[in-house]
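The values are calculated or read from the model by the stated rules, or taken from the named source; none is laboratory data. Treat the numbers as computed from the prediction; the structure is a model and nothing was measured. A quick note on method: Cβ atoms are made from the backbone with ideal geometry, for glycine too, and the neighbour counts reach across all protein chains shown.
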Amino acid sequence: MTTNDTTNRAIRARKFPTGEATRWAMRLAAPAFACLVASAAIAQEAPQDGVYADRIDWGVLMDLSGPTSASQSIWVAGLQDRIRKTNEAGGVHGRRINVLAEDNRFNAATDRIAFEKLVGQTPVIAISGMGTSASQVALAPTIKAGKVPIVATYTSTKALSEPVSPMVYNGFCGYKEMAQAGVGHFVDKLKLKAPRVITVAIESAGGKEYHDYMAEAVGKLGGTAHHVTMKVTAVDVTPQILEIMDKKPDFITIYGVPNTAILTMKALQQYGVNIPAFGITYLGAPQIFQSMGPQAGANYNFVSCFTPSGTDNAPGNVEMSAFADKVGRGAMKEDINYVAGWVAGQMISEALDRTGKAATRAKLVETLSKGFTVDTKGLSALITYTPQNNTGPVLFRMFGYDFEAKKFKGSGEFADSAKYIQ
Amino acid sequence: MLGQVLFSGLALGSIYGLVALGFVVIFKATDVFNFAQGMFVVCGAYLAVTAISLLGLPFPVAVLFIVAVAALMGMGIHALLIRPLSGRPILSIIMLTIALSIVLRALIEIVYGPAGRTLASPLPSGSFAFAGLRISQLHLTAALVSWFCMITFGLFFRFTSAGLLMRAAADSHEAATISGVRVDAMNRLAWAIGFTLAAIGGLFLGQLQIVSTELESIGLLALPAVVIGGLQSIPGAILGGLLVGIIEQLASTYISPKSSDVVIYALLLAILLLRPWGLLGQKAVNRV
Amino acid sequence: MSDLAAPKPEAAAAAPTSGKLRRAALLALGLAVLLYIPVLLTDRSIFGIRLTNMQLLNLGLTQINLMLISMLGALSLNYLTGCAGLISIGHAAFYATGAMAAAIFGTQLGWPFPVVLMMAAIAGAAVGVLAGLPSLRVQGLYFVLSTMAVHYLVSFVFLEYQFRFFDVVGIPFGTPSLGGFDLNTPMRWYFFLLVLVALVYVGLSNTLRTREGRALLAMRDHERAVTSLGVDVRVLRIKAFGLSSAIAAVAGALYAYYLSNATSETFGINFAIQFIAMIIIGGMGSLRGALIGAAVWLLLPSVIAGFAAEIGRGPGIVGSLLGEHRAQLVQLIFGVLVIVLLIFAPGGLVSLGERLKGLIGFRRKG
């Protein structure tokens, strides 16, 4: 080191007596800052509600790696595939739909972070999914007072969907309607007068809510509903089965995770109890039936506002099954969550199509709030939204499984359930 | 009714006991309080899916496959992760096992996809009546296999030379090293055994339920079982497992399902306060 | 406990005035950065030049705020671990206690926010002292397990409380207000939390410098020696536990208010484990480590996810893997990073930082 250098250093040090560390920081910071500014200068156009020249960003907020990812990520796959179909057909108004799927890991805090990201950081025109009910409740006031609409929810909580808001459009079958349709179906089929029903549910807020709907639906017919709970992680449900045997219900209904349905039905069979049962829509997957086996599975059904792949030859169903096979999602297509996601994808495509070329968040809300109808060509009944009602799909069918043909079999038509729904 | 509940509790407890036994073997040998034990159970269930459903191996070969791969994975984890960290504070090692289970979970979900899988094995699935009880054949098989494994390992530790060496290594590393015991090999063996036991538990749990990464939380129920029985005690782990199974069923029947965790952990707290070394453990708490 | 010890040797060696000036300048710089962060993350531009999301590392202000709340938990846990040698898996339980206290005094009784926080602290301290009682009999792993049992007991009480008094979907929390200053934007929360974290940090550092604090530190290493000096170690330990859980309870109340809803599922065992992860990543026993660990734990997954999304847009196998399994890959990378850190930096990031500093300093001298 030369003397000159040292002197310079000393002078500099006197001017900025901030020492080595800071100078090092400065030396690093200056080029970094220059790079930042340079890259910002060539930066992309400022995002306008997630609408760009060639694409529209659409947000999805779901559990992709947490405890409920087994069903939620399949819903996302269905949604992405349907959007892919739209994009392959040229997108909407010359723009590609770009799905930004954020993982909330079923955690309210992560959900809040991801939500604000989709609102402000990587802005999207609207958000789908919101599969964690606790965070739906927490975010409900923000959503209703905000600018980003929630189109096609995966689950609907009262806090978000009541009263009707132009910012929220349900995309999945609701628990209340599931209970009404299921009870109506079994009461008619079994010709019951005052049905005795048991709700088997995991210990959770949702389970209690679902049971309350059941009790209400059964109560109207002069029947009684009893609530039996089990742990999410249960391995043996002997105590619950003994309680069911004690109460001798006409039929049971199951709320929970796939395991809840499998354990209950298997154990009922082991104890030689022959009671028909139906699960909520989320519990409609071939694996669930296969795990139960043909004997226990014969008593199990699920109530759904969507038709799983391969059940019938409705054009919508054929189209979906073919596309799923084409993109290598053949294994998922029979899962009811995939179908629900697919329908959500259709809803998104059509909503953007209606909104027109100059799409913005406000324009989308304006378009949707006037009311609209989605025709899924047989994958579900006609889904109608009106300014007074955003409940979404409300008509149901009961589905069982044909173990020999390895296919779902549906009973009746969606329209049959209209008389049960209030 | 009580008899039925007790039987199911015993059957359930036997599986917990099996997983707990694997836990204790690892803890005794390497002082690692293994939070990844639940994930080992999941690995076992997915190994079964691989062998039976994907590779289509005949059942006895499939069992051999599961045991062999599980043992290898146990040894691999010991060599790669546990040995480099020996002598670190317990919390670091606990954290390591937590991180390990995060990694294993992610890997499994990438390879097998997020949806649960059905495990179809030729194990009997019917039921029969015996002395007024309804006995599920699968539960009975699970219990019998668990007992078989537990007794085999009990005998192994007591009577074979390898078992004796393992006990020696676990009791005092220095003394064992001086007397020429290959402590490292013994520890590796312990991890292999621990992983294998968990994997067998996974085979049954996957069969009773559906195979998914959510089996982890059931595997973790072995944790209170271990503490109640005594962290250092092999018979204690079995007793703890049985107790947890029975308490869970009794509490679910006579109080409410959600109370079962509380009852189990209240017992755990009581044990920690009154008899920290567990029901069958030896009193040497201050060293830990 | 390096950061709690005397000033750094290099600073002491330099001339006193320049050292002071340097510190002041660094402090000013730090303050300026801290004041600028919320503006930057809200406007998402520097001097009117818009930055892309990745230039801001995929971060948002809500994340920073949740990080600050977690810092309170990590600080209190590291205080406990670092100075009292007690390890707790019960921190989620103390968070839950705080949230419950906030629900009772805030949501149900409608008391003013600062009073609610005070009540949360008192409730937390009370539960903490109870939870600390087993430390009279057991230590080490056994004590960890006893705090885990406490966790399950508190969770049960929370669940019963929630189902008894509130809707099934959770306990609602209103917008808190500090004497007319409503905490209704992320920006306001940021400044409130920043001040709080600073106060807790300084407070805990000072506590460690008092006679009792020194006794606690000494106790961690030489319990018998301290006992022989006439200090009742057991009482000190329980006091430390009470203080730590009081802070955690306040953090829990804030967490509930920030998310505006809390359920029994919010504070699960994984919630507790994350605090342990934070202090291990940052550096056990160091208050600075707690801050760093909380920052890494809360921010890193999002940074990884952001980069993964960028790369995922590309073609090829990497792109498709990232597209299909992004969530799993983020978890995988994160888990591997933690393992690597545990193996190669046993003292956490704080000690790693010091080693690096030493390395750079050595090279420059050479």
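What are the residues in segment B:65-75 that are surrounded by fewer than 20 Cβ atoms within 10 Å (Cβ to Cβ) and within 18 Å of the chain's Cα centre (by Cα), if any? Let's see the steps before the verdict.
If we filter segment B:65-75 for residues that are surrounded by fewer than 20 Cβ atoms within 10 Å (Cβ to Cβ), which is where we start, we get B:65, B:67-69, B:71-72, B:75.
Residues satisfying the conditions are B:Val67, B:Ala68, B:Val69, B:Ala71, B:Leu72, B:Met75.
Would you mention how many residues in segment A:268-282 are of a type outside the set (A, V, I, L, M), assigned to a helix (DSSP H, G or I) and more than 22 Å from the chain's Cα centre (by Cα)? If you could, list the steps in order and put the result at the bottom.
To start, the set of residues in segment A:268-282 that are of a type outside the set (A, V, I, L, M) comprises A:269-272, A:274, A:276, A:278-279, A:281-282.
In the following step, the residues that additionally are assigned to a helix (DSSP H, G or I) were identified as A:269-270, A:281-282.
From what's left, more than 22 Å from the chain's Cα centre (by Cα): A:269-270.
Number satisfying all stated conditions: 2.
When B:Ala106 is tested against (1) farther than 18 Å from B:Gly206 by Cα; (2) more than 9 Å from chain C (Cβ to nearest Cβ); (3) of a type in the set (Gly, Ala, Ser), only condition (2) is not met. Of all the residues in segment C:132-179, those that are touching a residue at least 60 places away in the same chain (Cβ under 8 Å), at the interface with another protein chain (Cβ under 8 Å from one of its Cβ atoms) and in a loop (DSSP other than H, G, I, E, B) number 2.
Residue by residue through segment A:408-422, note down the ones that are surrounded by fewer than 15 Cβ atoms within 10 Å (Cβ to Cβ) and not in a loop (DSSP other than H, G, I, E, B).
Within segment A:408-422, the subset surrounded by fewer than 15 Cβ atoms within 10 Å (Cβ to Cβ) is A:409, A:411-413, A:415, A:418-419, A:422.
Passing the criteria: A:Lys409, A:Ser411, A:Ala415, A:Ala418, A:Lys419.
Residues in segment A:283-299 that are in a loop (DSSP other than H, G, I, E, B) and either touching a Cys at 6+ places or on another chain (Cβ under 6 Å) or under 18 Å from A:Gly310 (Cα atoms) (or both) were compared, and the one that is nearest to the other protein chains (Cβ to nearest Cβ) is A:Ala285. For the residues B:Ile247, B:Ile255, the requirement of being of a type in the set (Val, Ile, Thr) and either within 8 Å of another protein chain (Cβ to nearest Cβ) or free of Cβ contacts under 8 Å to residues at least 12 places away in the same chain (or both) singles out B:Ile255.
Could you identify the single residue in A:Val168, A:Val151, A:Val164, A:Val137 that is farther than 18 Å from A:Tyr385 by Cβ and in contact with a strand residue (DSSP E or B) (Cβ under 9 Å, 6 or more places away or on another chain)?
On the way: A:Val168 fails: farther than 18 Å from A:Tyr385 by Cβ; A:Val151 fails: farther than 18 Å from A:Tyr385 by Cβ; A:Val164 fails: farther than 18 Å from A:Tyr385 by Cβ.
The conditions single out A:Val137.
Each residue in segment A:205-255 was checked for being facing another protein chain (nearest Cβ under 7 Å) and within 28 Å of the chain's Cα centre (by Cα), and 8 pass. A:Gly341 meets the conditions (1) touching a Gly at 6+ places or on another chain (Cβ under 6 Å); (2) in a loop (DSSP other than H, G, I, E, B) in every case but one. The failed one is (2). The set of residues from segment B:30-52 being among the aliphatic types (A, V, I, L, M) and assigned to a loop (DSSP other than H, G, I, E, B) comprises B:Val32, B:Ala36.
Here is a yes/no grid of residues against (1) at pLDDT below 90; (2) in contact with an Asp or Glu (Cβ under 7 Å, 6 or more places away or on another chain); (3) facing chain C (nearest Cβ under 7 Å):
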site	(1), (2), (3)
B:Val61	no, no, no
B:Val67	no, no, no
B:His78	no, no, no
B:Leu85	yes, no, yes
B:Leu96	no, no, yes
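When A:Phe306, A:Phe302 are checked against the criterion of being part of a loop (DSSP other than H, G, I, E, B), within 19 Å of the chain's Cα centre (by Cα) and aromatic (Phe, Trp, Tyr), A:Phe306 stands alone in meeting it.
Can you find even one residue in segment B:153-173 that is under 30 Å from A:Val273 (Cβ atoms), more than 13 Å from chain C (Cβ to nearest Cβ), among the basic types (Lys, Arg) and surrounded by 14 or more Cβ atoms within 10 Å (Cβ to Cβ)? Give the steps one after another, and end with the answer.
Quick first cut of segment B:153-173, residues under 30 Å from A:Val273 (Cβ atoms) only: none.
No, the conditions are met nowhere in segment B:153-173.
Looking at C:Gly242, C:Gly252, just one residue is closer than 15 Å to C:Gly124 by Cβ and either surrounded by fewer than 24 Cβ atoms within 10 Å (Cβ to Cβ) or in contact with a Lys or Arg (Cβ under 9 Å, 6 or more places away or on another chain) (or both), and that residue is C:Gly242. Among the residues of segment A:143-182, write down those that are assigned to a helix (DSSP H, G or I) and of a type in the set (Val, Ile, Thr). Listed by number, the list holds a single entry, A:Ile143. Report, by residue number, each residue of segment A:198-216 that is in contact with a Lys or Arg (Cβ under 7 Å, 6 or more places away or on another chain) and either of a type outside the set (Val, Ile, Thr) or assigned to a helix (DSSP H, G or I) (or both). Across segment A:198-216, the qualifying residues are A:Glu203, A:Tyr213.
Here B:Phe27 does not qualify as assigned to a loop (DSSP other than H, G, I, E, B), buried (at least 20 other Cβ atoms within 10 Å of the Cβ), within 10 Å of chain C (Cβ to nearest Cβ) and not aliphatic (A, V, I, L, M). Checked against (1) more than 20 Å from C:Pro172 (Cα to Cα); (2) surrounded by 24 or more Cβ atoms within 10 Å (Cβ to Cβ); (3) among the hydroxyl-bearing types (Ser, Thr, Tyr), A:Thr122 passes all but condition (2). Within the set A:Ile288, A:Ile336, A:Ile348, the sole residue that is in contact with a Ser or Thr (Cβ under 7 Å, 6 or more places away or on another chain) and modelled with pLDDT under 95 turns out to be A:Ile336.
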